[in-house]
Amino acid sequence: MKYRKLGNTGLIVSEVALGTMQFGSKMNMGNLGQEATTRMVRQAIDAGINFIDTADVYSVGESETLLGNALKGIREEIVLATKVRLPMGGNFNRSGATRVNILREVEGSLRRLQTDYIDLYQVHGWDSNTPLEETLRTLNDVVRHGKVRYIGLSNLLSWQAATAILLQERLGLEKYVTAQMYYSLVGRGLEHEFQSFAEYFNVGILVWSPLAGGFLSGKYGRANPAPTGTRFAETGQFVPFDQEMGYRVVDVLKQVAARHSASPARVAIAWLLGRPAVSSVIIAARKPEHLEDNIRAVDLKLSEDDVRLLDAASDPGVPYPKWMVLQLDTAEDPRPKVLHPERYAQGGPWKDLRGTR
């Protein structure tokens, strides 16, 4: 296993983290019971994984309960992350990033996980119905009370995340140190703005669904759709993407995988581990052999040619205003060529779209 810092903290986490959405039966995302959960947790730990991510809403608390049982006696060895924000049943006040809901749900998570503290507590999404200051002050309180060590965000737009961090700085509150976001070879929208935000504010990206709901495992193609019993078939296209582009990406994944005698899934995860600002990639599996294969991605070294092929096949294009930012900052401004000549060794990161003037 290899390790990295968790965002801008001194905490060290494994390059791949164990995801837990497959634990429990109330979401139809894996249906693993206690015995299978415990076995998978032990397998991950034996492989060097020290970072496990869950959420209160996964199987409506069942995932946390199963995980808490599996971690008995070894909880102190693990960096444990969970989330709050989504509905947990009951009345409408059992949802959102309100003071009432956060204070209630942090206690619920602590109880189900059988622990005195949560290493990383993440807000599962933006709450447009609650004042941001209320959310941030409450998160600061749970840290100050010793129930939480660090806080993170998830599934926010870049302006929302930046606004939150700037407000935390202005008010002297605990700051978000991580951003759990969807990122994959068929979902590179994070690169338009959010990745730059994360680099600027030293926020570590935690990648969820690195295989796009299983699509990038390479098992499915134009002629062989997902068979019955697979997660992709059961839950549908969990993350949206252009399927024709997806097939092209899978073709290249298989090509690169053959060069390394590796699986397409391993290549897809290795590509993510080479992207900027990534602290850890969250992997999840229902079968031990799939988990083992995913873990081995940390030892797969892709060549520059491998990365170029994958980048080209999955290129989503560059939307405005990013293309203008790149054009002005790297193509038209002469200073970067003097200050960072290494960036221009292969012709530079961006071309002036208006040509030579």
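Observations
Residues checked against (1) in the same structural domain as ASN202 (by TED's automatic domain parsing); (2) over 29 Å from ARG259 (Cα atoms); (3) surrounded by 17 or more Cβ atoms within 10 Å (Cβ to Cβ):
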{"position": "ILE283", "(1), (2), (3)": "yes, no, yes"}
{"position": "LYS287", "(1), (2), (3)": "yes, no, no"}
{"position": "LEU291", "(1), (2), (3)": "yes, no, yes"}
{"position": "ALA297", "(1), (2), (3)": "yes, no, yes"}
{"position": "GLU304", "(1), (2), (3)": "yes, no, no"}
{"position": "VAL307", "(1), (2), (3)": "yes, no, no"}
{"position": "LEU310", "(1), (2), (3)": "yes, no, yes"}
{"position": "LEU328", "(1), (2), (3)": "no, yes, no"}
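- Residue count for region 243-265 satisfying the condition of being crowded, with 19+ Cβ neighbours inside 10 Å and farther than 17 Å from GLY213 by Cβ: 4.
- Being surrounded by 13 or more Cβ atoms within 10 Å (Cβ to Cβ), outside the structural domain of ALA17 (by TED's automatic domain parsing), basic (Lys, Arg) and touching a residue at least 40 places away in the same chain (Cβ under 8 Å) is a description that does not apply to LYS337.
- Here the condition is being assigned to a loop (DSSP other than H, G, I, E, B), under 27 Å from SER209 (Cβ atoms) and within 24 Å of the chain's Cα centre (by Cα); of THR135, THR115, it holds for THR115 alone.
- Scan region 180-210 for residues that are among the aliphatic types (A, V, I, L, M) and over 24 Å from VAL249 (Cβ atoms) and the total you get is 1.
- Residue ID - farthest from MET88 (Cα to Cα), chosen from residues in region 26-37 that are more than 23 Å from the chain's Cα centre (by Cα), part of a helix (DSSP H, G or I) and not hydrophobic (A, V, I, L, M, F, W, C): GLU35
The values are calculated or read from the model by the stated rules, or taken from the named source; none is laboratory data. This structure is a prediction, so every number in the text was calculated from the model and none was measured. Note that each Cβ is placed from the backbone with ideal geometry, even for glycine, and that neighbours are counted across all protein chains shown.
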